1. Can you tell me which of A:103, A:50, A:62, A:55 is within 14 Å of chain B (Cβ to nearest Cβ) and either of a type outside the set (Ser, Thr, Tyr) or surrounded by fewer than 16 Cβ atoms within 10 Å (Cβ to Cβ) (or both)?
2. Determine which single condition residue B:99 fails, assuming it passes every other condition in (1) closer than 23 Å to residue A:13 by Cα; (2) at pLDDT below 85; (3) not acidic (Asp, Glu).
3. So, residue B:82, is that one more than 7 Å from chain A (Cβ to nearest Cβ) and in contact with an Asp or Glu (Cβ under 9 Å, 6 or more places away or on another chain) or not?
4. Does residue B:136 satisfy the condition of being buried (at least 17 other Cβ atoms within 10 Å of the Cβ), within 14 Å of another protein chain (Cβ to nearest Cβ), in a loop (DSSP other than H, G, I, E, B) and not aromatic (Phe, Trp, Tyr)?
5. Please work out which one of (1) under 16 Å from residue B:177 (Cα atoms); (2) part of a helix (DSSP H, G or I) is the condition residue B:211 fails and give its number.
6. Output the residue which, of all residues in segment A:3-26 that are touching a residue at least 24 places away in the same chain (Cβ under 8 Å) and either hydroxyl-bearing (Ser, Thr, Tyr) or over 21 Å from residue A:112 (Cβ atoms) (or both), is surrounded by the most Cβ atoms within 10 Å (Cβ to Cβ).
7. Scan segment B:254-281 for residues that are of a type in the set (Asp, Glu) and in a helix (DSSP H, G or I) and jot them down.
8. For residue B:144, are the conditions met, namely being at pLDDT below 95, touching an Asp or Glu at 6+ places or on another chain (Cβ under 9 Å) and surrounded by 19 or more Cβ atoms within 10 Å (Cβ to Cβ)?
Amino acid sequence: MNDRKTILFAEDTIHIAKLLKFKLEKEGFNLIHYPSGVGVTEGVLKNKPDLVLLDIMMPVKDGLTVLKELKSAPEIAHIPVVLLTANSHEEYVVKGLQLGAIDYILKPFASAELVLRIKNILKMR
Amino acid sequence: MFLIIDIDIFTFLALTIFALLILTYILVIQVVLLRLYHGFQTKQQQNFFAEWEGKFFNYLEGNENPAALIKKIGRRKYLYLLRYLREFFLMLKGEDFQKLSSLINDTKLQPFLLSQLKSGAPKKINEAAYFLGLAKSTASIKLLRKKLKSPNASVFLSSALALARLNDSEAVFDILRSARRFKFVSKDSLLAILSEYSDDVCAPLLQNLKREKNVLIQSITITLFRHFKFYQAGETVLKIMVYSQTKEVIIESIKYFAGIEFYEALTALRTLINNPKAEIRTEVLKALAVLGDASFEQRIWDRMYDSEYEVQYNAVITLLKLIPGSEEKISKFAYSDLKDRAAAIARMVLSERSIRN
């Protein structure tokens, strides 16, 4: 049986998304990537990941809108959501935490720290 | 002397149409060639990205020598690599960032970029300055400082941005003074550049502000202090504001006091609430929403009858934020006289507030 944890993440900066995928897969996670907020909620409902990593500023559908959707669907509301956002958008972080995100990571970030924080969140649950 | 060619109108028209056809044909060929060239370049770049990706990710993970890695790439593909690294420079920090910087600072990329910076071509200079700044390449500081004197605005801006990212405090005054040479370098673009400095640029800026007479530099400096939440400049800015006749300086000072919560400015704000300039009265009201107390209540109520809409609107908002229980009083006022302008504005604010809540 596959006991690898699954992370679903939405990040529109394609090179950064690839780096995150590389780093997290190396740490033993299954990764599902979305290049924008579109389809993320459906993806979470379908795949039931162990954690969702959401970039706040994304085209078409932003991370906070997705977060609201995730937290209003009872079958997936328990899945921890971590926000990823630029330093200059700290006010969105407050909003995101109020909406039910469990943690946030500011860009620029250190990839090692990001991996560590994700591992810690998953370990605590 | 003119050569007169005797041709009839039909021949003339035929020749004109023929010339236009030839011209159109040349243009179409040119567009097709440009598209092909662009497509080829994009394909080359994508291939390079795909090939480089794995190597780069492994480099970030391991202990590979950056110089050895860069040696594998031909000089003509350096720009592809730099473009690929761009997003990583903006998004990564810590050990990842150190490794990224090493790819430029400890390899042949650095002399390549420095030679680009020395070239006379603005496009090459701008690109080189951009990457040297991102990689915090200190070897480029002297050259970048020279480029601040360039008559070309884009060269000036890219050099200033690089120096700010390199946190070269000594260059900040050259940036501020050189910027005045360019009419279309706006205050906002200059602020965007200067905010790339770290907050330790504030100390030398404060020393300069004490003797600075140029109002634009005063105003930019104070805005930067607000950006960095530099509390130590409070007393100096207060003195400048009290004696200043310039609207921009006064407004930036007020915003700064609110931004750092500098309560020592309250006495000055008490006077400025009646300033003849509406923008200043508005800014005072916004600041009072943060700094003020109940002793300001009557003065703020008076502003609800101001001649300017912006002032009246902000007076209502400030009262709601500042005075506990003021909503009830404002509601009564808002419906006391339906024809009164101040009451109408109060109704509008209350309505907006109810929508937001």
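The values are calculated or read from the model by the stated rules, or taken from the named source; none is laboratory data. Predicted model, so just to flag it, every value in this text is computed and none were measured. Counting neighbours? That spans all protein chains shown, and the Cβs are built from the backbone with ideal geometry, glycine included.
1. Values: A:103 fails: within 14 Å of chain B (Cβ to nearest Cβ); A:50 fails: within 14 Å of chain B (Cβ to nearest Cβ); A:62 fails: within 14 Å of chain B (Cβ to nearest Cβ).
The conditions single out A:55.
2. Every listed condition holds for residue B:99 apart from (2).
3. Working: more than 7 Å from chain A (Cβ to nearest Cβ): yes; in contact with an Asp or Glu (Cβ under 9 Å, 6 or more places away or on another chain): yes.
Taking the combined requirement at face value, the residue satisfies it.
4. yes
5. All conditions are met except number (2).
6. Let us first name the residues in segment A:3-26 that are touching a residue at least 24 places away in the same chain (Cβ under 8 Å), namely A:4-13, A:19-20, A:23-24.
Of the ones still in play, those that are also either hydroxyl-bearing (Ser, Thr, Tyr) or over 21 Å from residue A:112 (Cβ atoms) (or both) are A:6, A:8, A:10, A:12-13.
Values: A:6: 15, A:8: 23, A:10: 27, A:12: 17, A:13: 19.
Filtering first and then ranking leaves A:10.
7. Let us first name the residues in segment B:254-281 that are of a type in the set (Asp, Glu), namely B:261, B:264, B:279.
Once the filter is applied, which keeps residues that are of a type in the set (Asp, Glu) and in a helix (DSSP H, G or I), segment B:254-281 yields B:264, B:279.
8. Values: at pLDDT below 95: no; touching an Asp or Glu at 6+ places or on another chain (Cβ under 9 Å): yes; surrounded by 19 or more Cβ atoms within 10 Å (Cβ to Cβ): yes.
No.
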